[in-house]
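This report refers to the structure that appears directly beneath it.
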Amino acid sequence: MSPPLRLILPLLLLPSPASTLEFRYHSNQEVALYLQQVNAANPDVTHLYSIGRSVLGQQLWVLALGRHPRSHATGIPEFKYVANMHGNEVLGRVLLLQLIEELLRGYRDNQTWALRLMDSTRIHILPSMNPDGFDAADTDCQYSQGRYNHNGVDLNRNFPDAFAKQQGGEGRREAEVQAVMDWLQTESFVLSANLHGGALVASYPYDNGNGGSEQVGGASLSPDHDVFVHLAKVYSYNHSSMHHGHSCYDTRPFPDGITNGYQWYPLAGGMQDYNYVWSQCLEVTLELSCCKFPPADQLPALWEENRKSLLAFIQQVHLGVKGRVLDSSGVPAANALVEVRGRSNLCPFRTDRHGEYYRLLLPGRYSLTVSLANHQPLTETLDVPYGPDSYTALRHDFLLRRAAAPPTLAKPLRPRPSPSCNHTLFLGGSGVQPEGAGLCVALGLVVALRSLID
């Protein structure tokens, strides 16, 4: 029998010591200085880097934390938090700075939860994706001054969209959006959340749809719907009140404090769908306060409300199964398909440039098929336990055998979708990022037809 899913993680029921970081809204310059100081003081477990600049030239700083902060280590999943995408939704900035303090303090004090989390995970934190918008923001709870970037563009409508006929921004990517897209080509992120404000709910993909089979009962459901529901509930149930589903002044109640994005309201060009479809990174959107710019005196209480959820959600990066795909020579193989029976993703999951795969799955029995050019497809059935308790997903490598004869155009070994569905990092080189899923869909139809003919 599969172990029960653990929405509330008891090991995180630790008292939160007083933080040395002042509870207030820090300027962009103060945030940059803080990150630089933290990085200098903790060189063994932190690495500070920039993913690019805003329209006005402000650095988009990211702090990576973990036992191997500077580069990817085999078997260590990559996780990220992104805040302040909308410049006037500011609580996430404060929470992520406090989270950095919490992780480093716990690690420095040899607390078991911190040691296990930092040793098993590489955590990337981007406190502000829209520093220009923050500078222009008003402190009003509802109005949108500062929401957009300096060019007046909503960054959460500017990503390529798998379902939209016309891409957000008509193909033009804002500097901040392009920086995130480029970032996703440098790391194989497994799990992510972006922090917003104006409601109290955990929202999950899809945010958009086109009236196809994904549309179910007013929602737009992904092939990993069960995993997304679990992830959203982990956050809402570890939060002090989100799981109660209370509504804000302009929102309806949300059962369990979660919602499908499309069922709440359709959104084209969103970041969470982009992460999931093209970068095989499961991302949820966390709306963390009814007020977009909460009064500063409420910040300590809001941190306590979210502290346990932020830590518990990171731990979910250890769901499912992970490992390497090895070719017939025993060499890790990039760009191999890793497909889970019953989960037909718009763009199929593939191994990264390290030959690794990570597949977030709930406990259960799954059939996985691995395919690589000039090799025989391999299908294996795995019993997947609940990994977060032990801070590791199930480890399983696939060793492929060479095909008896090379495939021919007339009789392909196995039809497969085009790798251009995915970021070029999965090919281990550079190239052009696709602007939509039209190519994915068209090639998918060709593949289906050829499989029928063959």
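The values are calculated or read from the model by the stated rules, or taken from the named source; none is laboratory data. Being a predicted model, the structure only gives us computed values, none of them experimental. We place every Cβ from the backbone using ideal geometry, glycine too, and count neighbours over all the protein chains shown.
Residues in the stretch 344-372 that are crowded, with 18+ Cβ neighbours inside 10 Å, assigned to a strand (DSSP E or B) and among the small types (Gly, Ala, Ser): SER371 alone. How many residues does the stretch 96-106 hold that are surrounded by fewer than 22 Cβ atoms within 10 Å (Cβ to Cβ), farther than 16 Å from PHE23 by Cα and not basic (Lys, Arg)? Within the stretch 96-106, residues that are surrounded by fewer than 22 Cβ atoms within 10 Å (Cβ to Cβ), farther than 16 Å from PHE23 by Cα and not basic (Lys, Arg) number 2. Applying the condition of being surrounded by fewer than 23 Cβ atoms within 10 Å (Cβ to Cβ) and touching a helix residue (DSSP H, G or I) at 6+ places or on another chain (Cβ under 8 Å) to the stretch 133-146 and asking which residue is nearest to GLY52 (Cα to Cα) yields ASP135.
Residues checked against (1) more than 14 Å from ALA199 (Cβ to Cβ); (2) surrounded by fewer than 22 Cβ atoms within 10 Å (Cβ to Cβ); (3) of a type outside the set (Lys, Arg); (4) in contact with a Lys or Arg (Cβ under 9 Å, 6 or more places away or on another chain):
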{"site": "TRP264", "(1), (2), (3), (4)": "no, yes, yes, yes"}
{"site": "MET271", "(1), (2), (3), (4)": "yes, no, yes, no"}
{"site": "TYR276", "(1), (2), (3), (4)": "yes, no, yes, no"}
{"site": "VAL284", "(1), (2), (3), (4)": "no, no, yes, no"}
{"site": "SER289", "(1), (2), (3), (4)": "no, no, yes, no"}
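Is one or more of the residues making up the stretch 220-233 more than 20 Å from GLY342 (Cα to Cα) and either at pLDDT below 95 or surrounded by fewer than 22 Cβ atoms within 10 Å (Cβ to Cβ) (or both)? Checked the stretch 220-233: at least one residue is more than 20 Å from GLY342 (Cα to Cα) and either at pLDDT below 95 or surrounded by fewer than 22 Cβ atoms within 10 Å (Cβ to Cβ) (or both).
Look at ALA179 and say whether it is outside the structural domain of THR392 (by TED's automatic domain parsing), touching a residue at least 24 places away in the same chain (Cβ under 8 Å) and either out of contact with any helix residue (DSSP H, G or I) (no Cβ under 7 Å at 6 or more places or on another chain) or farther than 22 Å from VAL62 by Cβ (or both). Yes.
So that you can scan it fast, the table gives a plain yes or no per residue for (1) assigned to a strand (DSSP E or B); (2) farther than 30 Å from ARG395 by Cα; (3) at pLDDT below 95:
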{"site": "LEU115", "(1), (2), (3)": "no, no, no"}
{"site": "MET129", "(1), (2), (3)": "no, yes, no"}
{"site": "GLN142", "(1), (2), (3)": "no, yes, yes"}
{"site": "ASP161", "(1), (2), (3)": "no, yes, yes"}
{"site": "TRP183", "(1), (2), (3)": "no, no, no"}
{"site": "ALA202", "(1), (2), (3)": "yes, no, no"}
{"site": "GLY209", "(1), (2), (3)": "no, yes, yes"}
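Scanning the stretch 373-400 for residues that are part of a loop (DSSP other than H, G, I, E, B) and touching a helix residue (DSSP H, G or I) at 6+ places or on another chain (Cβ under 7 Å) yields a total of 4. The set of residues in the stretch 59-85 being over 18 Å from GLY320 (Cβ atoms), crowded, with 22+ Cβ neighbours inside 10 Å and touching an Asp or Glu at 6+ places or on another chain (Cβ under 7 Å) consists of LEU60 alone.
Residues of the stretch 315-343 that are among the β-branched types (Val, Ile, Thr), surrounded by fewer than 24 Cβ atoms within 10 Å (Cβ to Cβ) and under 30 Å from ALA114 (Cα atoms): VAL321 alone. Within the stretch 232-258, the set of residues being within 20 Å of the chain's Cα centre (by Cα) and not aliphatic (A, V, I, L, M) comprises LYS233, TYR235, SER236, TYR237, ASN238, HIS239, GLY257. Please specify each residue of the stretch 163-181 satisfying the condition of being of a type in the set (Gly, Ala, Ser) and either over 28 Å from SER220 (Cα atoms) or modelled with pLDDT of 95 or more (or both). Within the stretch 163-181, ALA175, ALA179 qualify.
Condition first: touching a residue at least 60 places away in the same chain (Cβ under 8 Å), touching a Cys at 6+ places or on another chain (Cβ under 6 Å) and of a type outside the set (Asp, Glu). Can you find one or more residues in the stretch 347-363 that meet it?
Yes.
Filtered by the rule that a residue be closer than 24 Å to PHE293 by Cα and touching a residue at least 24 places away in the same chain (Cβ under 8 Å), the stretch 28-52 gives ASN28, VAL31, ALA32, TYR34, LEU35.
Taking the stretch 28-56 on its own, how many of its residues are within 17 Å of LEU126 (Cβ to Cβ) and either among the small types (Gly, Ala, Ser) or in a strand (DSSP E or B) (or both)? Counting residues in the stretch 28-56 that are within 17 Å of LEU126 (Cβ to Cβ) and either among the small types (Gly, Ala, Ser) or in a strand (DSSP E or B) (or both) gives 10. Note on the stretch 262-285: residues that are in contact with a Phe, Trp or Tyr (Cβ under 6 Å, 6 or more places away or on another chain) and under 17 Å from ASP154 (Cα atoms) amount to 4.
Considering the stretch 373-393, the residues that are farther than 13 Å from GLY323 by Cα and hydroxyl-bearing (Ser, Thr, Tyr) include one that is surrounded by the fewest Cβ atoms within 10 Å (Cβ to Cβ), namely THR381. The numbered conditions (1) among the small types (Gly, Ala, Ser); (2) buried (at least 19 other Cβ atoms within 10 Å of the Cβ); (3) in contact (Cβ under 8 Å) with a residue 24 or more places away in the chain are all true for ALA114 except (3).
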